[in-house]
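Written out below as structure tokens is the structure these notes cover.
The values are calculated or read from the model by the stated rules, or taken from the named source; none is laboratory data. Predicted, not measured: the structure shown is a model, and the values here were computed from it. Glycine also receives a Cβ, built like all others from the backbone with ideal geometry; neighbour counts cover every protein chain displayed. The protein model used for the area step is the full one, side chains on, heavy atoms only, and it has no ligands, DNA or RNA in it. Shrake-Rupley method; radii C 1.70, N 1.55, O 1.52, S 1.80 Å.
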Amino acid sequence: MAAGRVPGSTYRLQLTPDFGFAEAAEAAEYLADLGITHVYLSPVLEAVPGSMHGYDVTDHSRIRGELGGEEGFRAMAKRLRGHGLAIVLDIVPNHMAVPANLPLNRQLWAVLRDGRQSPYATWFDIDWGAQDDRMLLPILGDPLESCLGDLWVEPDGGPDGEPALRYFEHVLPLRPGTARLPLRGLLESQHYRLTWWRDASTELNWRRFFNITSLIGIRAEDPAVFDATHEVIVRLVAEGLVDGLRIDHPDGLADPRGYLTRLASATSGAWVVVEKILEADETLPADWACAGTTGYDVLGLIDGIFLDAAAADAVTAEYARFGRRMGDNSLAPRFADLAVTAKREAASEMLSAEVARLARLLADVWPGVDAEETRTALVEVLAAFPVYRAYAHPGESPSAAAEAAIREAVAAARRRLPRRLRGLASDLGAAALGTQRPVSGAAGRAGEFVVRFQQTTGPVLAKGVEDTAFYRWSRLLALNEVGGDPDRFGVPADDFHAEAERLAESWPATMTTLSTHDTKRQEDVRARLAVLAELPGRWGDQVGEWHERAMALPFLGQSAAAVDADTEYLIWQTLVGTWPISGERLTGYLTKAIREANRQTSWAVQNPEYEAAVHGLAARAINDPELSASIGEFVAGIAAPALVNSLGAKLVQLTMPGVPDIYQGCELSGLSLVDPDNRRQVDFGRRRVLLADLDAGRLNLEDPAEPGGISLDAAKLLITARTVRLRRAHPEWFSDSYTPVQANGPAAGHVLAFARGDADAADAAGAAGAAGSAVTVATRLPVGLLDRGGWADTVLPLAGRAQGWVDVLTGAVYRGEHVLLGELMRALPVALLIPEGE
């Protein structure tokens with residue numbers, strides 16, 4: 001594991017042309033006052049002009065001018081440092097942009113101009129042989145014959161005044177000496193082949209990021225490419241301007257382990273976390289030189305502990321009942337079955353070109369094998385693959401985890417394939433592990449297959465599950481989160497403690513999070529929706545009433561009845577989770593959701609009539625006075641338990657093993673949806689005022705205008721500020737210890753408690769340590785707690801100290817060997833206890 005300086009906490013800022021380095025610097029005093037130790041920035045290298053995220057890097061040698069350039073970065077870093085804040089950078093080693101104005105990516109421009117002879121040809125994963133030594137460029141709006149009239153040569157359109165080919169906003173290089181050829185001859189003479197954008201899914205001969213043809217994969221495993229693409233980043237680390245790094249999409253790399261080892265060497269062991277999506281029961285490879293993940297695994301763990309696992313059948317029954325109400329009896333299958341179907345679609349359709357590349361490699365390894373049968377078997381193995389990637393390394397014996405993942409995929413594929421192809425599926429598994437002997441002279445291609453297969457499983461899973469199936473199965477949307485498994489309904493307390501103890505022992509400096517720029521729903525949306533699992537019958541009746549009211553309203557245009565049951569269920573949950581929400585935000589989200597679902601409409605083939613029906617139904621819900629009032633009343637009715645979930649999740653995330661990240665703005669309520677909704681600018685002015693009021697004792701948690709009587713904004717800010725400040729003051733308490741604390745009494749199942757700090761001081765009964773420690777206490781399943789009459793005589797054991805314990809959130813002091821939960825939770829549903837006097 002990479003060592004480096006471990007942050008006490010991080011705060012993610014999304015940089016855009018409107019919020020650059022100067023604006024980030026302006027937030028320095030507030031973030032320092034909040035208690036943050038490290039500012040965590042989205043990518044800062046030169047990107048496509050106007051980019052709102054920065055992952056479309058065009059030039060690794062420059063800091064992005066639209067953000068303020070290197071001068072602006074240094075000025076920001078100086079100001080942050082003046083407030084005691086260090087910097088963590090998000091970097092993108094897997095891919096670069098394919099911009100319309102291609103001179104922006106000078107390496108790709110050179111490759112397209114000079115072909116395989118370019119000194120930059122080794123930068124990119126291009127399968128030249130698949131297109132007769134040409135690179136496919138699927139940028140045309142129609143087949144080539146229909147676009148000839150839109151192509152023309154600009155005599156001085158290149159970056160150095162040389163001739164260039166133009167197609168609307170696209171600027172393309174010309175092979176030297178071809179500018180004066182007739183257009184058809186000119187096109188045939190290039191090192192690239194222009195084609196219709198739809199051809200990308202079947203004919204593309206270069207690695208991209210998932211199915212995005214505006215992002216091309218780069219070969220970071222090549223030392224020269226690594227050095228060139230990391231020169232600025234390594235320099236910033238060496239100068240002390242950057243303390244840590246977040247690595248975007250490591251599973252896209254040819255050799256993630258080797259990459260991280262090289263990065264650790266180049267940065268002298270800086271703190272590094274990786275955007276690695278871990279499926280259930282999957283662990284991070286122990287030989288990776290990093291501190292851990294960016295926290296999706298922890299996010300799922302925290303969400304699970306605040307979800308009623310016993311409610312799975314009842315929630316599923318209500319989902320099915322809603323479908324039957326609309327004449328659809330298909331709404332209660334297992335998510336896993338639907339996910340396999342969606343992954344099969346991803347592999348056979350949008351990622352067909354990637355599968356074809358794998359089949360070409362196998363044709364070299366196993367001459368004579370039928371190409372179509374190979375593709376069929378590949379699709380089934382990929383569709384059944386249970387994790388993002390199995391880490392097999394050419395020339396090495398596969399790990400037990402890699403063997404298990406591939407064995408599971410092959411077994412599932414064999415059950416679905418015709419008998420004649422089952423042996424082929426087994427052979428594919430052996431080839432993916434590198435354990436099958438290739439024909440003479442094909443060892444290199446066999447090793448390449450091991451790598452390319454692993455670079456394909458991730459895109460198939462991501463596109464099939466997170467970007468398709470998650471939008472087709474709306475049983476409970478709180479579960480449909482990155483890295484999550486919607487079939488896994490809740491996490492038992494014992495499982496939470498066991499995983500937290502494992503993290504404390506093996507990955508104590510991993511990142512924890514509740515919201516990111518990629519989450520489908522922010523933390524407080526999920527916390528609110530989790531309440532539905534505690535009252536499934538009430539929810540089912542309510543959504544049925546809303547449906548009947550919506551169908552009875554007059555409607556212009558396409559009938560709202562055209563909306564399928566699952567999508568309508570998604571709409572009602574989205575309204576409840578984000579209420580109040582504007583029509584513009586809701587329409588933008590629903591457009592993305594139904595196109596990602598790829599059933600009635602899609603990004604490639606849009607169905608305006610269906611989209612109008614969905615938008616119309618959503619508009620009814622917002623604009624009809626009776627419907628909107630009913631939704632508002634329902635949300636108000638679940639506000640109190642939703643607040644319990646939100647505050648509990650926040651405190652647990654901030655105090656459990658790992659480095660807590662606060663996604664921009666989520667120290668207050670986080671009710672945004674998937675990007676771009678969750679990348680809106682943050683009102684730091686309001687946050688400064690609230691924090692000043694908190695510190696001056698003017699911030700009132702009680703708010704009669706808020707449903708439940710407590711302000712979520714004020715309570716979250718209180719918890720965040722007091723907790724991260726405590727971590728900053730006592731980093732040793734939160735380094736590598738974790739001790740479960742077990743409540744006693746009739747409502748013990750509604751408590752999650754643990755101690756961080758001096759684990760040796762914890763007594764054998766599981767009480768919290770008596771010195772040098774902090775005790776987290778959170779309420780869970782609040783509806784059930786209320787139904788049982790409250791805490792009664794449930795107590796939390798605390799090892800005694802003469803001076804007692806103080807709750808840093810409320811200032812209350814507790815003495816004795818135990819404390820009544822009803823007393824401890826009187827003001828807030830959470831507590832953070834430290835020894836009095838500390």
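In the context of the full set of protein chains, the range 108-213 has a per residue accessible area of 47 Å² (1.4 Å probe). Above 13 angstrom, tally the Cα pairs of the range 184-254 and express them as a % of all pairs, no decimals. Beyond 13 Å sits 76 percent of the P(r) for the range 184-254. For GluC sites (Glu not before Pro), the sites in the range 358-458 that DSSP calls loop and that have at most 14 other Cβ atoms within 10 Å are Glu396. Give me the net charge of Glu275's neighbourhood, meaning all other residues with Cβ under 9 Å from the Cβ of Glu275; Lys, Arg count +1, Asp, Glu -1. With Lys, Arg at +1 and Asp, Glu at -1, the net is -2.
Per the Debye calculation on the range 654-761 with a single equal scatterer at every Cα and no solvent contribution, log₁₀ I(q)/I(0) for q = 0.20 Å⁻¹ amounts to -1.17. Shape summary: the range 582-706 maps onto an equivalent ellipsoid whose semi-axes, from the alpha-carbon gyration tensor, are 34, 20, 14 Å in decreasing order.
Among the trypsin sites (Lys or Arg not before Pro) in the range 155-249, those located in a DSSP loop and surrounded by at most 15 other Cβ atoms within 10 Å of their own Cβ are Arg180. Solvent-accessible area of the chain (1.4 angstrom probe, protein heavy atoms only): carbon and sulfur portion equals 50 percent. If the segment from Ser214 to Arg826 were pulled out straight at 0.36 nm per residue, it would be longer than the present Cα-Cα gap by 214.9 nm.
Is the range 662-709 best put as rounded, prolate or oblate by its Cα gyration tensor, with a ≥ b ≥ c the root eigenvalues, rounded for a/c under 1.5, and otherwise prolate when a/b is larger than b/c, oblate when not? Note, shape of the range 662-709 comes out oblate. With a Förster radius of 35 Å applied to the beta-carbon distance between Ser330 and Glu817, the computed FRET efficiency rounds to 0.05. Rg of the Cα atoms in the range 159-308, relative to 2.2 N^0.38 Å, amounts to 1.46. Report D for the range 54-188 in µm² per second (integer): Stokes-Einstein, Kirkwood Rh on Cα pairs, 10 °C, 1.306 mPa s. For the chosen part, D equals 91 µm²/s. Surface exposure of the range 344-475, expressed per residue as accessible area with a 1.4 Å probe, stands at 38 Å².
Taking the square root of 5 times each eigenvalue of the Cα gyration tensor, what semi-axes in Å does the equivalent ellipsoid of the chain have, largest first?
45, 32, 28
Along each principal axis, taking the top coordinate minus the bottom one, the Cα set of the range 335-469 gives 43, 30, 26 Å in descending order. Calculated mean residue ellipticity at 222 nm for the chain: -12500 deg cm²/dmol, from DSSP H runs with n ≥ 4 weighted as -39500 (n - 2.57), summed, divided by the residue count and rounded to 500. FRET efficiency for the pair Glu71 and Arg416, taken as 1/(1 + (r/R0)^6) with r the Cβ-Cβ distance and R0 = 56 Å, rounds to 0.45.
The Rg/Rh ratio for the range 338-380 is 1.03, where Rg is the radius of gyration of the alpha carbons and Rh is the Kirkwood radius.
Global size of the range 235-377: 22.1, 65 Å for Rg and Dmax (C-alpha atoms, Rg to one decimal, Dmax whole).
Annotated for the chain: lysine pairs at least 8 residues apart or interchain, Cα distance under 20 Å, count 11. With K and R counted +1 and D and E -1, the other residues having a Cβ less than 13 Å from that of Gly65 yield a net charge of -3. Label sites at Glu396 and Glu221, each approximated as a point 7 angstrom past Cα along Cα to Cβ, lie 1.2 nm apart. Once the convex hull of all Cα atoms in the range 121-200 is built, its volume per residue stands at 109 Å³.
Give the percent of DSSP beta bridges with both residues in the chain that are antiparallel, rounded to the nearest 5. Expressed as a percentage, antiparallel bridges in the chain total about 60. Summing charges over all other residues whose Cβ lies under 12 Å from the Cβ of Arg325, with Lys and Arg as +1 and Asp and Glu as -1, gives -4.
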